[in-house]
Structures are given as structure tokens and as C-alpha cells.
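Shown next, in C-alpha cells, is the structure this report addresses.
The values are calculated or read from the model by the stated rules, or taken from the named source; none is laboratory data. All figures in this text were calculated on a predicted structure; none of them were measured in a lab. Cβ coordinates were reconstructed from backbone atoms using ideal geometry, including for glycine residues, and neighbour counts include every protein chain displayed. Remember, those area values only see protein heavy atoms, side chains included, never the ligands or the DNA or RNA. Shrake-Rupley method; radii C 1.70, N 1.55, O 1.52, S 1.80 Å.
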Amino acid sequence: MIPCANPAAQYLASKAAIDAAVARVLERGWYVLGDEVRAFEAEFAAHVGVAHGVGVGNGTDAVLLALRALGVKQGDEVVTVAHTAVATVAAIELTGATPVLVDIDPVTFSIDPSKLEAVLGPRTKAIVAVHLYGHPADLDAILPIANAKGIPVVEDCAQAHGAAIRDRRVGSMGRIAAFSFYPTKNLGAIGDGGMVVTNDDALAASVREIREYGWRERYVSAVPGMNSRLDELQAAILRVKLRRLDADNDARRASAAAYTAGLADVGLVLPVERPGMRHVFHLYVVRSSRRDEIQRLAKAEGVGTLVHYPLPIHLQPAYAERLRGADRLPETERAALEVLSLPMFPELEADDVATVIRVIRAAVAGTRAAAEVEAR
Ligand SMILES: *Cc1c(COP(=O)(O)O)cnc(C)c1O
């Protein structure tokens with residue numbers, strides 16, 4: 001079986017260095033928010049191209065803490081998309097604010113800037129722009145609309161470590177940004193982890209307080225806080241993997257280029273990279289109206305695929321009938337029926353890419369033949 005993602009291959013690719021980093025932390029005896037976290041915060045912030053990194057417990061908390069640092073609270077509205085990991089919307093609701101949904105651009109799968117202005121109102125306190133699948137959201141169009149109204153943009157970079165618009169990495173263009181280090185992300189821990197990054201000194205200080213009980217000085221809570229800390233083991237491992245991130249993203253891009261060449265004429269809608277943008281292919285997502293059948297045929301031939309995401313957030317039981325803007329999301333609902341993620345991870349071998357291409361081509365042909373029989 002060729003899996004869709006393969007975090008164990010990531011470990012094996014750096015096994016000696018990761019094992020040494022783990023041993024170093026175990027022996028040092030300081031396990032949460034220590035030297036490894038401080039070093040990783042500085043190294044990761046430098047990679048993004050911002051002044052501050054604040055390590056937190058996971059990506060959901062990173063979005064939550066970014067919003068809380070901006071002062072988002074109950075009664076406010078935060079605009080985002082319904083075609084994303086549910087974490088984006090869950091984090092907004094954890095602040096007490098109401099998520100307001102805007103439809104996606106069917107090419108980038110991110111906020112459609114032409115539909116953004118219509119959902120902004122006096123209660124809008126932030127816009128969460130998600131860089132989905134590794135392709136940057138259209139910040140060239142989104143930021144001017146937000147700036148004109150004085151609304152801060154939070155970048156959700158959980159799927160886009162290393163992606164860029166021209167010479168600027170994602171995470172460095174909005175007011176503040178959130179990353180996840182869940183094991184399958186482009187930069188993944190051996191467990192949970194996340195980071196908030198920003199150039200704003202005051203916002204960074206605020207996130208540092210909120211992540212640990214609201215402490216400004218130890219044992220004295222200056223603001224209401226929580227516990228969302230990054231641990232030393234994860235930070236030490238992430239420092240090892242950060243050194244490979246650019247090469248890993250290049251490997252993803254090479255596999256993506258091979259997929260695109262091998263599937264160009266088969267009748268699937270393939271991912272695109274907008275001019276000036278660097279796609280880091282967290283996922284390689286194709287579209288087809290016969291998605292379910294293609295997935296079934298591929299599985300029978302040993303090719304694992306996944307659907308990111310099968311049900312838009314506004315149609316999920318926890319959120320149905322509750323989210324604002326849910327009545328005008330036609331592109332979101334169409335995408336959920338058509339998207340299919342092919343195997344994609346840095347260690348994916350060229351032979352396996354060739355196998356996936358062969359199997360997907362045969363599966364598409366198989367569904368087409370079946371459709372023709374039905375039509376007769
Ligand atoms: C993974 C992900 C998150 C949440 O990260 P966790 O570390 O799983 O909490 C948030 N947003 C997006 C777009 C994601 O893909």
C-alpha cells in the first residue's frame with residue numbers, strides 16, 4: 001500500500017539526529033518551555049522571516065492564542081472559510097466570537113477576495129486566511145481589503161510551512177500567524193505542537209502570557225490565561241527537522257511536478273501554482289465529479305488517498321444551522337464533493353509516484369467506461 005502520508009519515514013530520514021536530540025532532553029531534565037523551545041522559537045521565526053515565535057501546544061491553540069492576543073472576544077465576529085480543517089473554526093469559537101463564513105476561490109481553495117468585503121461588518125474583529133494544501137491564500141488581494149477597514153489578518157499556516165508569495169514566506173504578511181506541527185504537516189513533531197509568529201512585540205508578549213496562566217512574572221497572573229506550552233522533546237525534534245524543511249518541500253514539489261506531468265491529459269482538475277506564489281504541496285489535491293469511484297478503484301490497487309475535507313464545517317453536526325454566511329458557499333460545497341488527495345510526503349519515491357500515476361489513470365478510465373455503460 002502506498003500511504004497518503006508517512007510520518008515514520010520522516011523519523012527514519014533523520015533517525016540518528018532525532019535520537020540524539022531526544023537523549024539530550026531526557027538527560028538535561030528540563031522538559032517544558034526551556035532552552036530547546038527558546039532556540040526553536042528563534043530558529044523558526046527566522047525561517048518565516050519575523051521577529052517573534054512563541055511555542056504553544058498545538059495548531060488549534062496557535063489560532064486561538066493569536067485571536068485572543070488581538071483581543072477577540074464574545075460578541076465579535078471573525079471571518080474565515082468552511083473548507084478547512086475544523087480546527088480553524090473551533091479556535092474562533094473558543095474565543096467566544098462568532099465565525100462568519102466566506103466562500104472559497106475554487107482554484108486556490110482559500111478566501112475568494114471578491115466575496116470578502118460583503119461579509120465584513122462593524123463587529124468583524126479579525127479575518128483568518130488559511131493557506132490550504134500548501135498554496136498561499138491571495139493575500140495580495142485580501143490584505144488591502146482588510147487594511148482599508150483596519151481589520152487584522154491572522155494567517156493560518158498549519159498546512160504551508162515554507163510557502164511564499166514572491167520573496168515573503170507565509171506567516172510574515174498578516175498581523176500574526178499560527179502554525180501546527182502535527183506529525184503529518186510539512187514540519188511535523190512526534191506528537192502535538194504549534195507556534196504563533198508575529199513582528200508585533202506587544203502581541204508576542206501577550207501570547208507568551210496567555211499560553212502560561214497569564215503569567216507576566218512567575219506565579220502572578222496579569223491576564224486570564226491557560227496552559228498551552230510546547231515541550232522540550234518536541235522542540236528538540238523540530239529543530240532537527242527544520243534544517244530539512246526546505247529540502248523536504250523541494251521533494252514535495254518534485255513529486256507534484258511529476259504528478260502534474262503524468263496526469264495532465266486524463267480529465268482531472270489538477271492543482272495550480274499561481275504566478276509569484278510558492279506552493280509547498282502539503283497535499284496534492286485533484287478534483288473530479290467521480291471522486292468516490294476513483295478513490296475506491298485506487299484503494300483496490302494499493303494507492304491510499306484521502307479527502308480533505310468531505311464535509312464543509314457549516315454542514316457538520318457540531319456546527320450545522322449555527323454559522324453565519326453558511327447560505328452562500330456554493331464553491332465550498334462543490335469542492336467537498338470533488339477533492340481527492342493523492343499520496344504526498346517528502347520521502348515518496350519516484351517509483352511510487354509512477355505507480356500512483358498509473359493507478360489513477362486507470363481508475364479515471366475505469367470510471368469513464370462505467371459512466372458510458374450507464375449512459376447507454
Ligand atoms: C492541522 C490544522 C490546524 C490545527 O492544528 P492542530 O495542531 O491539529 O491543532 C489548523 N488549521 C489548519 C488549516 C490545519 O490544517
Cut-off under 5 Å, modelled amide H: who pairs with HIS161 long-range: ASN186, LEU187
Mean ellipticity per residue at 222 nm, deg cm²/dmol - from DSSP H runs of n ≥ 4 across the chain, formula -39500 (n - 2.57): -12500 deg cm²/dmol
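To check you understand DSSP bridge types, tell me what percent of the beta bridges within the range 1-127 (both residues inside) are antiparallel, rounded to 5.
Close to 10 percent.
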Per residue accessible area of the chain, 1.4 Å probe, in Å²: 41
Vicinal HN-Hα couplings computed from phi for the range 118-128 (Karplus, 6.51 cos²θ - 1.76 cosθ + 1.60; Hz; Gly/Pro x): 5, 9, 7, x, x, 8, 5, 9, 6, 10, 9
Cut-off under 5 Å, modelled amide H: who pairs with ARG324 long-range: LEU101
Residue among ALA85, ALA13, ALA163 with the largest mean-square fluctuation in a Gaussian network model of the chain, springs linking Cα atoms under 10 Å: ALA13
Segment SER114-ARG322, extension gain: residue separation times 0.36 nm, minus the distance between their alpha carbons: 72.5 nm
Reach of LYS241 by Cα under 16 Å, taken over lysines that are not fewer than 8 positions away in the same chain: LYS15, LYS185
Pairwise FRET efficiency - ASP140 versus ARG358, Cβ, R0 = 41 Å, nearest 0.05: 0.60
Largest to smallest accessible area among SER255, SER221 [probe 1.4 Å]: SER221, SER255
Inter-probe distance in nm under a simple model that places probes 7 Å from Cα toward Cβ, at ALA300 and ALA39: 5.3
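Just flag the trypsin sites (Lys or Arg not before Pro) in the range 105-138 sitting in loop per DSSP whose Cβ has no more than 13 other Cβ atoms within 10 Å. List each step's numbers first, then the result.
Numbers: sites: LYS115, ARG123, LYS125; in loops: ARG123.
Those satisfying the criteria are ARG123.
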Accessible surface of the chain [probe 1.4 Å, protein heavy atoms]: carbon and sulfur percent: 53
Equivalent ellipsoid semi-axes, the chain, via Cα gyration tensor eigenvalues times 5, rooted, Å: 34, 27, 17
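So if I place +1 on the C-beta of Lys and Arg and -1 on the C-beta of Asp and Glu, and nothing else carries charge, what would the dipole magnitude of the range 260-318 be about its Cα centre? I want it in debye, nearest 20.
Result for the range 260-318 is approximately 120 debye, rounded to the nearest 20.
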Most positive-pole-ward Cα, ALA17, ALA39, VAL286, against dipole of the chain from beta carbon charges: ALA39
Crossing angle, helix 201-211 versus the chain [Cα axis fit, 0-90 degrees, rounded to tens]: 90
Of ALA118, ALA335, ALA90, the one that fluctuates the most in a GNM where the chain has Cα springs shorter than 10 Å: ALA118
Rounded to 10°, Cα long-axis angle of helix 245-263 versus longest principal axis of the chain: 20
Dipole axis of the range 245-375 (+1 Lys, Arg; -1 Asp, Glu on Cβ), positive-most option in ALA320, GLY366, VAL307: ALA320
Positive-end residue of LEU26, VAL130, SER180, charge dipole of the range 7-242 with Cβ unit charges: LEU26
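Only sites in a loop by DSSP and with at most 14 other Cβ atoms within 10 Å count here; which chymotrypsin sites (Phe, Trp or Tyr not before Pro) in the range 126-229 make the cut?
TYR219
Report the charge-dipole magnitude of the range 7-242 in Debye, nearest 20, computed about the Cα centre from +1 at each Lys and Arg Cβ and -1 at each Asp and Glu Cβ.
Approximately 260 debye in magnitude.
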Partner lysines for LYS125 [C-alpha distance under 22 Å; skip if fewer than 8 residues away on the same chain]: LYS73, LYS115, LYS149
